[in-house]
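Accompanying notes for the structure given below.
The values are calculated or read from the model by the stated rules, or taken from the named source; none is laboratory data. Fair warning: this is a prediction, and the values are worked out from it, not measured in the lab. A quick note on method: Cβ atoms are made from the backbone with ideal geometry, for glycine too, and the neighbour counts reach across all protein chains shown.
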Amino acid sequence: MVIPNISSTLLDILYTGGVCLKKRQLPLGDRNMIGARVTNARENLGIKQVELLTKLQAAGIDISIPALSLLEGQKRPVTDLELNALADILKVSVDWLLGRE
């Protein structure tokens with residue numbers, strides 16, 4: 001199965017009937033400050049991107065799998081609403097996400 005307009009470096013399309021995201025192979029971008037910290041906090045909680053996506057959508061943040069991957073890869077800007085929801089879901093402060101420890 002191929003999803004148009006989505007790089008195969010962002011998604012591993014199908015494996016045993018489910019969608020599975022690949023590990024990042026490209027260097028981080030410069031479109032946001034928080035992507036690497038989001039990834040770190042998510043992995044520390046032991047949750048996958050799909051689980052984070054579900055929690056974001058339940059919090060009213062309409063974001064797709066590719067958009068979340070781009071956010072974590074610092075290739076897409078983050079809105080203030082997303083920043084606030086990510087901090088709540090990941091149980092970290094907005095200041096920590098912004099590198100203001």
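Could you tell me how many of the residues in segment 45-71 are without any contact (Cβ under 8 Å) to a residue 40 or more places away in the chain, closer than 24 Å to Asp30 by Cβ and either loosely packed, with under 14 Cβ neighbours inside 10 Å or small (Gly, Ala, Ser) (or both)?
Counting residues in segment 45-71 that are without any contact (Cβ under 8 Å) to a residue 40 or more places away in the chain, closer than 24 Å to Asp30 by Cβ and either loosely packed, with under 14 Cβ neighbours inside 10 Å or small (Gly, Ala, Ser) (or both) gives 2.
Restricting attention to segment 77-100, and to residues there that are assigned to a loop (DSSP other than H, G, I, E, B) and either among the small types (Gly, Ala, Ser) or modelled with pLDDT under 95 (or both), which single residue is nearest to Gly60 (Cα to Cα)?
Checking each candidate, the answer is Ser93.
Just one of Ile3, Ile13 is surrounded by 12 or more Cβ atoms within 10 Å (Cβ to Cβ), modelled with pLDDT under 95 and either in a loop (DSSP other than H, G, I, E, B) or among the aromatic types (Phe, Trp, Tyr) (or both); which is it?
After applying the criteria, what remains is Ile3.
Would you say Glu101 is exposed (fewer than 13 other Cβ atoms within 10 Å of the Cβ), more than 10 Å from the chain's Cα centre (by Cα) and among the acidic types (Asp, Glu)?
So Glu101 fits the description; yes.
Looking at (1) farther than 17 Å from Leu97 by Cα; (2) out of contact with any helix residue (DSSP H, G or I) (no Cβ under 9 Å at 6 or more places or on another chain), can you tell me which one Glu43 breaks?
Just one mismatch for Glu43, condition (1).
Mind listing whichever residues of segment 37-78 are among the polar types (S, T, N, Q) and over 10 Å from the mean Cα position of the chain (by Cα)?
Those that are among the polar types (S, T, N, Q) and over 10 Å from the mean Cα position of the chain (by Cα): Asn40, Asn44, Thr54, Gln57.
Restricting to segment 74-87, what's the tally of residues that are within 15 Å of Leu53 (Cα to Cα) and surrounded by 14 or more Cβ atoms within 10 Å (Cβ to Cβ)?
7
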